[in-house]
Amino acid sequence: MATTPATVRNFKQVTEIFREISLSQESVKQFQIGELSDLDMENAEHEFVRFPLVYMVPQPSVMDRFGKMTLGFSFIVCDIVKDNDEYLTIDTQNNCLMIMQDIFSKFIMTDWATVPLKIETPITTVPFMERFNNNLSGWAAEINVEVQNPVDLCNAAFN
């Protein structure tokens, strides 16, 4: 992770770290951030052509007066199930869960110096099957990401 900044201070840096880690997992073909409704392939504005897909939906976040910021996300790993077959659905869900485990392990098992974010645990994951018009299956998790000391008046945009 050569491009990771020493101190993460904003939403964009957090999402770039997630993008980099997600795309470094060998199976992941695409990473996107957006609204849950944009995950539907039949949506004219967004056509996802590469799966498995890691998708993040921004959720409510918290700023603490002592310099801690916690960003909330829905974190989704999904793939398209071909032929609507029960065994293919199970295989797809298994693969998506393993991808999610790999990505979360990178955050949970790595120190602040390597990955300057912390995911709050435990993480509850929920499977979904054949959702949307594009027959997606996979796993979703609501995660909270703690950013290390983002509050700093020395670098604030004030005169």
Starting from the 7 Å offset along Cα-to-Cβ, what nm value, one decimal, do you get for the label separation of D111 and N159? 4.5
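Mind ordering 92-103, 111-122 by average Cβ neighbours within 10 Å, highest first?
Working: 92-103: 19.0, 111-122: 13.5.
Ranked by mean Cβ neighbours within 10 Å, highest first: 92-103, 111-122.
Please work out how much length the chain gains when fully extended from E142 to V126, using 0.36 nm per residue of separation minus the C-alpha to C-alpha distance, in nm with one decimal.
Full extension from E142 to V126 adds 4.9 nm.
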E20 to L88: FRET efficiency via 1/(1 + (r/R0)^6), r the Cβ-Cβ distance, R0 22 Å, to the nearest 0.05? 0.15
For M129, M63, M69, give me the order by solvent-accessible area with a 1.4 Å probe, most accessible first, ignoring ligands, DNA and RNA. M63, M129, M69
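The values are calculated or read from the model by the stated rules, or taken from the named source; none is laboratory data. All figures in this text were calculated on a predicted structure; none of them were measured in a lab. Methodologically, a virtual Cβ is constructed for each residue, glycine included, from the backbone with ideal geometry; neighbour enumeration extends over all protein chains shown. With ligands, DNA and RNA removed, areas are computed over all heavy atoms of the protein, side chains included. Shrake-Rupley method; radii C 1.70, N 1.55, O 1.52, S 1.80 Å.
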